[in-house]
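*Asks:* The structure that follows is given in the form of structure tokens.
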Amino acid sequence: MAATKGDGQLAKHEIAQVIRGMVDTKTRRSNLFHYSTTAYSANETGFYLLVEEYRKTGSKGQASFLRDTYLKGVVVKGLEKVTGQINLDRRDKTDDLINKISSQVDGVGLSMMDKIRDNGLLKAIELKMGNTAIDTTLFDDAQEEAAANIYRSLENYSFQLDKKYQPKPDCQAQVAKFRQKLILLKFDMFALGMW
């Protein structure tokens, strides 16, 4: 699994495609996630897989969870070993991404009075008439960086794509709690195959 491409390194979007190809079945997604608990990179792998599922719905709750947990690094009590801030190359880029995501997420589901208060009357009318869906590609840049981190981690360890893995024992209880949290957020647990 060399990260070279003739004249140099694979681009991050190409690495994201490689990882996407690796997790093309429910069993493989499960294998990669459980393996990542042994390499203490469950946050990167979980984020990558959850963004794939988020793309299907564009749900406000899911977007808020991804932003708060993985980009802002807000610790979810009892899930410290399987969630947490992902490692992005540049903090200023992360702040810009968080602001971009927040402006979309926080604007969805507001009442007209809230929109007027936050944006003024004319902008509120414009928002009311426009598309209020959350962009399902909001997390693409962060997902590509997570994929690059996953790829580097896999290069350093002996991960086998079709070998069944169990979560690391000190992560096992948190994996079960994490599953419950994701069910509440309406992630498709069957499609995720993480458990």
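The values are calculated or read from the model by the stated rules, or taken from the named source; none is laboratory data. For clarity, every value in this text was computed on a predicted model and none was experimentally measured. So basically every Cβ, Gly included, is an ideal-geometry build from the backbone, and we count neighbours across all protein chains shown. Keep in mind that these areas ignore ligands, DNA and RNA; they rest on the heavy atoms of the full protein, side chains included. Shrake-Rupley method; radii C 1.70, N 1.55, O 1.52, S 1.80 Å.
*Asks:* Residue 150: at pLDDT below 85 and either open to solvent by less than 70 Å² (accessible area, probe 1.4 Å) or β-branched (Val, Ile, Thr) (or both), yes or no?
*Replies:* No, not satisfied.
*Asks:* Look through 75, 51, 105 and report the one residue that is open to solvent by 30 Å² or more (accessible area, probe 1.4 Å) and either modelled with pLDDT under 90 or of a type outside the set (Phe, Trp, Tyr) (or both). Let's see the steps before the verdict.
*Replies:* Details: 51 fails: open to solvent by 30 Å² or more (accessible area, probe 1.4 Å); 105 fails: open to solvent by 30 Å² or more (accessible area, probe 1.4 Å).
Answer to the check: 75.
*Asks:* Here is a follow-up. Residue 116 - would you say it is crowded, with 21+ Cβ neighbours inside 10 Å, free of Cβ contacts under 8 Å to residues at least 40 places away in the same chain and hydrophobic (A, V, I, L, M, F, W, C)? Lay out the reasoning, then the answer.
*Replies:* On the way: crowded, with 21+ Cβ neighbours inside 10 Å: no; free of Cβ contacts under 8 Å to residues at least 40 places away in the same chain: yes; hydrophobic (A, V, I, L, M, F, W, C): yes.
No, not satisfied.
*Asks:* For the condition under 18 Å from residue 17 (Cα atoms) and within 20 Å of the chain's Cα centre (by Cα), what is the one hit in 154, 185, 161?
*Replies:* Working: 185 fails: under 18 Å from residue 17 (Cα atoms); 161 fails: within 20 Å of the chain's Cα centre (by Cα).
Result: 154 is the single residue among 154, 185, 161 that is under 18 Å from residue 17 (Cα atoms) and within 20 Å of the chain's Cα centre (by Cα).
*Asks:* Quick test for you: out of 56, 93, pick the one residue that is free of Cβ contacts under 8 Å to residues at least 60 places away in the same chain, part of a helix (DSSP H, G or I) and not polar (S, T, N, Q). Can you show your working first?
*Replies:* Values: 56 fails: free of Cβ contacts under 8 Å to residues at least 60 places away in the same chain.
Step by step, each of 56, 93 is checked, and only 93 is free of Cβ contacts under 8 Å to residues at least 60 places away in the same chain, part of a helix (DSSP H, G or I) and not polar (S, T, N, Q).
*Asks:* I would also like to ask the following. For segment 59-89, which residues satisfy the criterion of being without any contact (Cβ under 8 Å) to a residue 40 or more places away in the chain, within 10 Å of the chain's Cα centre (by Cα) and part of a loop (DSSP other than H, G, I, E, B)?
*Replies:* none
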